[in-house]
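Q: Let me begin by handing over the structure; questions about it come next.
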Amino acid sequence: MMKRFYTLKVGALTRQLSLVKLNKDTMIANFMLLGDDQMARTAARMLAKKIDLHNFDYIATVESNGVPLAHDLSLLADRSRSIVIRKEVKDYMTNPLAVPVSSIITSGKKLVLDGRDAQRVKGKKIMLVDDVINTGSTMAASELALKHAGATVVSRLAIIAEGPTAVRNDITYLAHLPLFNNDGTPKE
């Protein structure tokens, strides 16, 4: 019988994540932070204990699943705003700064920093956060956009390091989530 769920533990919280087919060889455990306010708040508090809350100017994230984590971390760090990097140019943007991205779930897309946010982060230190980091390509594209805007990324945070990302030493995270074979067994 194929395993259909993975049990994730973050601090005192436990979530049953559905396994979903990503491609012909791989399944992922579907972690959805949006709407899980308890998880965002708990993860932000746990990550805040692992970092220097005074060593950055802004927290930045990619829409949309990283937004609750960035929001809660910004509040804990007593920052008045966070920076949201979009997945497409919006009509309201001024002088958008776009960079290409291709990740395990996003291919042929771009990440976009509104020109007003680009000006805001120029010369600033940024803490880059996301809910899940798999290949790291979305985070790398985010960092590139911020670098083009003149910012410096001083740390990278996530709730989950998925698959081989867990061996990276440049990311602070709370839990490791394996990739899965199509029969539900972990790849690692």
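Q: Out of the range 71-97, which residues are surrounded by 17 or more Cβ atoms within 10 Å (Cβ to Cβ), of a type in the set (A, V, I, L, M, F, W, C) and under 19 Å from residue 115 (Cβ atoms)?
A: 83, 84, 85, 93, 97, listed by residue number.
Q: Please work out which residue is most open to solvent (accessible area, probe 1.4 Å), limiting yourself to the range 138-188 and to residues that are under 28 Å from residue 7 (Cα atoms) and among the β-branched types (Val, Ile, Thr).
A: By that ranking, first place goes to 167.
Q: Moving to a separate point now. Does any residue in the range 10-21 that is outside any strand (DSSP E or B) come within less than 9 Å, Cβ to Cβ, of a residue that is modelled with pLDDT of 95 or more six or more places away or on a different chain, and which pairs are these?
A: 11/42; 11/43; 11/45; 11/46; 11/174; 12/42
Q: Sticking with this one: Which condition number does residue 48 fail, the rest of (1) in contact with a helix residue (DSSP H, G or I) (Cβ under 7 Å, 6 or more places away or on another chain); (2) at pLDDT below 95 being met?
A: Of everything listed in (1) in contact with a helix residue (DSSP H, G or I) (Cβ under 7 Å, 6 or more places away or on another chain); (2) at pLDDT below 95, residue 48 misses just condition (2).
Q: Take residue 170 and decide whether it is of a type outside the set (Phe, Trp, Tyr), closer than 16 Å to residue 27 by Cβ and outside any helix (DSSP H, G or I). Don't jump to the end; show me each part of the working.
A: On the way: of a type outside the set (Phe, Trp, Tyr): yes; closer than 16 Å to residue 27 by Cβ: no; outside any helix (DSSP H, G or I): yes.
It is false that residue 170 is of a type outside the set (Phe, Trp, Tyr), closer than 16 Å to residue 27 by Cβ and outside any helix (DSSP H, G or I).
Q: So is residue 56 touching a Leu at 6+ places or on another chain (Cβ under 7 Å) and either in a loop (DSSP other than H, G, I, E, B) or among the β-branched types (Val, Ile, Thr) (or both) or not?
A: On the way: touching a Leu at 6+ places or on another chain (Cβ under 7 Å): no; either in a loop (DSSP other than H, G, I, E, B) or among the β-branched types (Val, Ile, Thr) (or both): yes.
Spelling it out, it is not the case that residue 56 is touching a Leu at 6+ places or on another chain (Cβ under 7 Å) and either in a loop (DSSP other than H, G, I, E, B) or among the β-branched types (Val, Ile, Thr) (or both).
Q: Pairs needed: first member in the range 158-172, closer than 18 Å to residue 11 by Cα and at pLDDT below 90; second member anywhere, crowded, with 22+ Cβ neighbours inside 10 Å and of a type outside the set (A, V, I, L, M, F, W, C); C-beta distance under 9 Å; at least 6 residues apart or different chains.
A: That search, which allows pairs on different chains as well, returns 166/173.
The values are calculated or read from the model by the stated rules, or taken from the named source; none is laboratory data. Predicted model, so just to flag it, every value in this text is computed and none were measured. We place every Cβ from the backbone using ideal geometry, glycine too, and count neighbours over all the protein chains shown. In case anyone asks, the SASA skips ligands and DNA or RNA and just uses the protein heavy atoms, side chains included. Shrake-Rupley method; radii C 1.70, N 1.55, O 1.52, S 1.80 Å.
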